[in-house]
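Peer 1: This is the structure I have questions about; it appears just below.
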Amino acid sequence: MSAWAWVPLIMALIAPLVGPRIVRSLPPAAAVRLATIVAIAIAASTGLVLAIAAELTLAQVEEITHAEFTRGVARASVISLVVGGVAAVAVTVLALAAVLSVMRSAHQLLQASRQARHLGEARSGLVVVQDPTPAAFAVTGHPGRVVVSTAMLGALNCKEREVLLAHENAHLRHHHQVYIQLAALAAAANPLLKPLVAPVRTNTERWADETAAAQVGDRRLVARAVARAALASHAHAPGQPWPPVSPMLGSRSDESESEIAQRVQCLLDPPVRRSGGLTALVLATAIACTAAGGAAAVVGHAKVERIEAAATTVDDGPGR
Amino acid sequence: MVADDRRGERRRRGALEQQILSCLAVASDPMTPAEVQEALGAELAYTTVMTTLTRLYEKRALTREADGRAYRYALNGDENEAAANVTAHQMLRLLDRSDRAEVLSRFVADLQPGDEVLLSKLLQVSGEADQPAAPPRRGRRSSRKQP
């Protein structure tokens with residue numbers, strides 16, 4: 001295998017470690033887009049590298065069976081045979097996982113859009129459910145729908161309701177589900193990337209929060225709406241286990257903050273500034289990773305062809 | 001640019017329609033345009049509210065009854081809505097299944113231990129006195145203030 005092949009593999013190990021940290025220093029919209037692009041780039045290039053490693057191994061197996069089976073050839077090939085064999089198994093399993101993931105996503109989307117149709121001629125894309133459980137969610141579909149229960153509407157004041165509607169509409173308008181599904185697909189094709197899925201998901205929420213904030217022109221109002229909605233939902237979920245909060249538990253470190261607390265805190269903090277340099281760096285890394293994967297594929301394929309050519313000459317040899 | 005403007009305009013209009021619908025959904029009684037305008041609180045023109053209400057009525061999203069010189073508007077709870085309600089209920093029940101997270105995005109996720117205290121504190125710090133009024137009270141209040 002060429003040195004290029006190691007670039008995507010190393011990236012697949014590094015990205016999940018530094019990715020969530022980089023994501024935190026980017027505005028949510030940029031974070032979601034970049035994390036998704038990087039995840040897809042790494043998944044695709046590692047898949048390519050594994051596939052070419054497997055192809056190379058198969059070619060070598062053929063070479064050995066064709067060539068005179070000297071001890072030297074066999075010993076030299078054992079290591080690359082093991083590596084290649086593992087790569088072949090891995091690429092098959094991961095490709096299957098990716099296909100399954102795509103099928104699952106497609107099934108979910110179909111089901112959701114069918115359900116969205118059952119939601120009737122939602123007036124202006126909004127469905128109000130008479131329900132004592134405070135709940136609000138967006139359903140992807142053509143067109144998408146926002147579903148809100150009367151209990152949730154009642155828990156919020158008028159301005160906060162505007163925030164909720166703006167937040168859910170932002171999910172639909174910016175196709176947040178697509179990013180989440182692409183990230184999930186990348187993680188299925190390369191399980192090392194799993195740690196990138198949660199940041200993508202969380203940052204779609206942050207993105208929708210900021211879109212809502214831009215619409216109502218008040219980030220504190222959005223923070224308040226999120227907090228109020230979360231408290232209302234919690235107060236109405238008696239079925240869920242809820243350990244009583246002692247004063248000691250009340251003061252927790254920032255690391256263990258839940259998603260809701262983080263969203264509220266981010267809205268109360270000054271907005272994260274857009275960093276052109278960081279964005280360019282991340283994009284450049286994604287491109288470099290894909291290019292290295294491509295280069296490894298080209299080099300590997302050329303090697304396969306050389307081996308096959310050599311095997312043919314060996315075959316033809318005795319005949320001449 | 002023109003297409004962008006038009007899309008923005010349509011989005012604003014859609015947002016206002018949703019706001020009015022959600023406002024009427026929690027009101028205890030049918031509301032006049034003036035009451036809706038006051039409930040929305042924003043610097044909305046009366047005519048804008050009036051136009052939107054009429055449009056929603058024409059879409060059969062609202063019903064209205066004459067009350068003196070004005071109309072009182074309420075959500076149209078027809079049988080279509082009943083069917084939609086059943087579906088929406090089913091979806092609410094499905095929300096807790098994590099495998100649905102990719103197609104349904106909830107406004108707020110579940111809280112973790114300690115969040116309740118933290119959020120209550122944050123609400124206090126952000127220092128807004130206006131607590132959300134219970135729906136029936138809000139409806140009455142707005143009609144009382146009506147000149």
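Peer 1: Residues to consider are B:Ala134, B:Ala74, B:Ala82, B:Ala70; find the one that is surrounded by 12 or more Cβ atoms within 10 Å (Cβ to Cβ) and modelled with pLDDT under 75.
Peer 2: Details: B:Ala74 fails: modelled with pLDDT under 75; B:Ala82 fails: surrounded by 12 or more Cβ atoms within 10 Å (Cβ to Cβ); B:Ala70 fails: modelled with pLDDT under 75.
Checking each option against the conditions leaves just B:Ala134.
Peer 1: Among the residues of the range B:9-45, which ones are more than 7 Å from chain A (Cβ to nearest Cβ), farther than 12 Å from A:Leu165 by Cβ and among the β-branched types (Val, Ile, Thr)?
Peer 2: Residues satisfying the conditions are B:Thr32, B:Val36.
Peer 1: Also: Just checking, does the range A:191-203 include any residue being closer than 17 Å to B:Gly14 by Cα and charged (D, E, K, R)?
Peer 2: Step one: filter the range A:191-203 for residues closer than 17 Å to B:Gly14 by Cα, giving none.
No.
Yes/no per residue for (1) surrounded by fewer than 22 Cβ atoms within 10 Å (Cβ to Cβ); (2) charged (D, E, K, R); (3) more than 21 Å from A:Leu221 (Cβ to Cβ):
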{"residue": "A:Asp131", "(1), (2), (3)": "yes, yes, yes"}
{"residue": "A:Val139", "(1), (2), (3)": "no, no, yes"}
{"residue": "A:Gln181", "(1), (2), (3)": "no, no, yes"}
{"residue": "A:Ala189", "(1), (2), (3)": "no, no, yes"}
{"residue": "A:Pro195", "(1), (2), (3)": "yes, no, yes"}
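Peer 1: Among the residues of the range A:141-194 satisfying the criterion of being β-branched (Val, Ile, Thr) and more than 8 Å from every other protein chain (Cβ to nearest Cβ), which is nearest to B:Ala109 (Cα to Cα)? First the steps, then the outcome.
Peer 2: To start, the set of residues in the range A:141-194 that are β-branched (Val, Ile, Thr) comprises A:146-148, A:150, A:163, A:178, A:180.
Now narrow it down to the ones that are more than 8 Å from every other protein chain (Cβ to nearest Cβ): A:163, A:178.
Numbers: A:Val163: 16, A:Val178: 19 Å.
Per the stated criteria, the residue is A:Val163.
Peer 1: In addition: Which of the residues belonging to the range A:117-140 are more than 7 Å from chain B (Cβ to nearest Cβ) and over 21 Å from B:Leu62 (Cα atoms)?
Peer 2: Within the range A:117-140, A:Pro132, A:Pro134 qualify.
Peer 1: Continuing with the same structure: Looking at A:Val38, A:Val18, A:Val23 in this structure, which one is closer than 30 Å to A:Asp269 by Cα and either surrounded by fewer than 18 Cβ atoms within 10 Å (Cβ to Cβ) or among the aromatic types (Phe, Trp, Tyr) (or both)?
Peer 2: Details: A:Val38 fails: either surrounded by fewer than 18 Cβ atoms within 10 Å (Cβ to Cβ) or among the aromatic types (Phe, Trp, Tyr) (or both); A:Val23 fails: either surrounded by fewer than 18 Cβ atoms within 10 Å (Cβ to Cβ) or among the aromatic types (Phe, Trp, Tyr) (or both).
Result of the check over A:Val38, A:Val18, A:Val23: A:Val18.
Peer 1: Looking at the range A:114-173, which of the residues that are touching a residue at least 12 places away in the same chain (Cβ under 8 Å) and polar (S, T, N, Q) is nearest to B:Val26 (Cα to Cα)?
Peer 2: Filtering the range A:114-173 for residues that are touching a residue at least 12 places away in the same chain (Cβ under 8 Å) and polar (S, T, N, Q), the one nearest to B:Val26 (Cα to Cα) comes out as A:Thr150.
The values are calculated or read from the model by the stated rules, or taken from the named source; none is laboratory data. Here the structure is a predicted model, which means the values were calculated and not measured. Please note: Cβ atoms are built from the backbone with ideal geometry, for glycine as well, and neighbour counts cover all protein chains shown.
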